[in-house]
Amino acid sequence: MSEKKKLSTGKVWCFAIGQFGWSIQSALISNFLVNYYQPDPSAVEAGQTVFIPQGLVIFGILTILGAITWFGRIFDAVTDPWIASKSDRCKSKDGRRIPFMRLAAIPFALATVLTFWSPINGESWLNAAFLFLMLTLFYLFMTMYCTPYNALIPELGTNQKIRMAISTAISFTFIAGMAVAYTAPMVWGMLEGMVGNRVLAIRITFTVMSLIGLVCMFVPVFTIKEKDYVTAQPSESTALKSLAATFRNKDFRIFVASDIVYFLGITMFQTAMIYFVTALLKLDEGMSTIYFVGMTALSVLFYPLVSKLTPKFGKKKLILIAFCIFVVAFSYTAAMGKMPIPAEIQGYILCLLAAPAMAIFGILPQAVVADIAECDEIETHENRSGMFYAARTFSMKMGQAVAMLLVTSLGTIRQDIGLGYRIVALCAAAVCVIGGVLFAMYNEKKVYSKIMK
């Protein structure tokens with residue numbers, strides 16, 4: 001068998017551009033779905049159409065949007081092991097991962113766009129049904145692209161140096177994609193004056209951004225020949241057996257438990273970000289773009305420092321520090337608008353507080369999963385990278401599902417004074433405390449020793 005190639009720096013970035021593409025699609029849903037379908041009074045006043053029934057209409061405790069997004073995330077989480085198993089067992093001549101990514105890219109982008117194109121121009125249960133269908137398809141095709149994509153990280157990263165290079169690159173492109181998506185309020189604000197309609201301006205903005213994301217998602221598909229770099233043989237385990245074997249790994253169980261809590265907290269924060277700006281700081285929604293892009297840019301400045309400190313202190317210590325930073329940042333968010341500081345300055349302070357933790361969580365968790373997957377392969381002699389990343393994605397989606405329920409429900413509490421969003425920020429801080437306690441139990445020394453040995 002011929003020796004496999006090592007991933008060059010250029011190919012690392014070709015791979016990372018795919019993450020830029022899918023992060024745009026993901027960010028459009030995670031950052032703007034709630035604001036679009038459950039607009040606050042300021043958005044309605046600005047011309048936002050109400051498309052689905054509002055309020056706590058399900059059992060008196062849940063919103064329609066909260067229930068739809070919760071189901072979508074649960075469906076998404078359940079399909080992860082299935083897609084991962086299909087990918088792990090794939091025997092295509094093009095490899096185990098690339099064929100899935102190639103198949104999923106177009107419907108992924110299309111579902112992203114159609115999620116915001118309700119068929120009825122007004123409040124209707126038909127719009128709710130359409131949203132339910134489109135969001136379910138969005139999560140299905142996102143899984144088909146992202147689960148195989150993430151499984152390539154440990155397979156292309158054949159040593160710690162390449163793995164950290166990949167983790168750093170995809171972290172940068174992920175945050176860059178999020179930042180591009182977060183410019184949407186500025187873009188649709190400019191378009192609104194041209195087209196004369198807020199909703200149409202939003203839809204045009206999201207369509208163009210999704211097309212950009214689609215082009216980027218195709219970059220790794222057509223520039224990386226998987227079998228030139230990867231030697232892994234298709235797994236023979238069924239989905240359930242592979243999933244059970246994956247969760248027998250104690251360190252992975254600890255990581256997943258911590259990860260669920262982390263994504264619960266960060267999703268609550270990101271989903272409510274635009275409300276923190278409009279309801280707490282009483283600023284224009286366009287300022288949310290400035291704050292998020294500023295937070296993103298600052299986090300990127302910390303990337304070299306994170307990469308430099310990781311070999312010295314290890315991934316575990318830095319992730320625990322990041323949990324502590326988020327606790328402080330989210331607690332501060334709950335107090336925004338109540339401090340004797342100009343509102344704009346309060347927003348910039350939040351950017352400074354959160355940026356270091358964003359950098360750490362942007363780079364290191366993916367590398368931790370790669371370490372655990374490699375250690376498990378050494379122990380079991382079976383490569384289940386797809387299932388490890390599917391299980392990690394499962395944890396992400398479970399956290400996000402609960403976060404959507406909480407934000408959409410808590411946000412209805414005293415909307416006139418934004419009390420619900422202060423509670424959201426405090427809840428995000430509290431769950432980060434729990435996440436840090438859980439992750440402290442991860443045995444990094446054992447994982448490292450087996451890999452190095």
#### Entry: Distance in nm between pseudo-label sites at Lys338 and Met194 (7 Å out along the Cβ direction from Cα)
4.3
### Summary
Dipole check, the chain, charges on Cβ (K,R +1; D,E -1), about Cα centroid: among Tyr275, Ala373, Pro220 the Cα furthest to the positive pole belongs to Ala373
### Query
Okay, helix-only estimate at 222 nm for the chain: each DSSP H run of n ≥ 4 adds -39500 (n - 2.57), divide by all residues, round to 500 deg cm²/dmol; what do you get?
-26000 deg cm²/dmol
### Query
Which links in Lys6/Lys86; Lys93/Lys315; Lys86/Lys316; Lys312/Lys338 stretch past 30 Å when you go from one Cα to the other?
Lys93/Lys315; Lys86/Lys316; Lys312/Lys338
### Query
In a shell of Cβ-Cβ distance under 9 Å around Ala401, excluding Ala401 itself, what net charge do Lys and Arg (+1) and Asp and Glu (-1) give?
+1
### Task
Would you mind pulling out the separation of the Cα centroids of the range 335-356 and the range 298-322, in Å?
24
### Query
Using only the Cα atoms, what convex hull volume per residue in Å³ does the range 307-453 have?
118
### Query
Just how much of Tyr348 is accessible, in Å², when a 1.4 Å probe is used and the result is rounded to the nearest 10?
100
#### Entry: Ile212 - accessible surface, heavy atoms, 1.4 Å probe, Å² rounded to 10
80
### Query
Gain in length, Lys317 to Val215, computed as 0.36 nm per residue apart minus the alpha-carbon separation, to one decimal in nm?
33.0 nm
## Note on the structure
Eigenvalues of the alpha-carbon gyration tensor of the chain, times 5 and square-rooted, give semi-axes in Å, largest first, of 35, 25, 20
### Task
Pick out the long, greasy-scoring helices in the chain: whole DSSP H runs spanning 18 Å or more along their own axis by Cα, mean Kyte-Doolittle at least -0.5.
9-37, 64-88, 98-114, 125-156, 160-182, 198-223, 250-271, 286-301, 315-334, 343-380, 385-410, 419-439
### Query
By how many nm would the segment from Phe71 to Ser449 grow when fully extended, if each residue of separation counts as 0.36 nm and the alpha-carbon distance is taken off?
132.0 nm
### Task
Give the carbon-plus-sulfur fraction of the accessible surface of the range 362-453 in %, rounded to a whole number; probe 1.4 Å, heavy atoms of protein chains only.
67
### Given charges at beta-carbon only (K, R positive; D, E negative), |dipole| of the chain in Debye
1440
### Task
Note the full-extension length gain between Lys6 and Arg248 as 0.36 nm times their separation in residues minus their Cα-Cα distance, in nm to one decimal.
84.0 nm
### Message
Solvent-accessible area of Met186, probe 1.4 Å, all protein chains present, reported in Å² to the nearest ten, please.
### Response
90
## Note on the structure
Ordering Leu320, Leu364, Leu352 by the accessible surface of their heavy atoms, 1.4 Å probe, largest first, yields Leu352, Leu320, Leu364
### Summary
Over the chain, with neighbouring protein chains present, the accessible area per residue in Å² at probe 1.4 Å is 39
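The values are calculated or read from the model by the stated rules, or taken from the named source; none is laboratory data. Not measured: the values here are computed from a predicted model. Don't worry about glycine lacking a Cβ; one is built from the backbone with ideal geometry, like all the others, and counts go over all protein chains shown. SASA here: full protein model, heavy atoms, side chains in, ligands and nucleic acids out. Shrake-Rupley method; radii C 1.70, N 1.55, O 1.52, S 1.80 Å.
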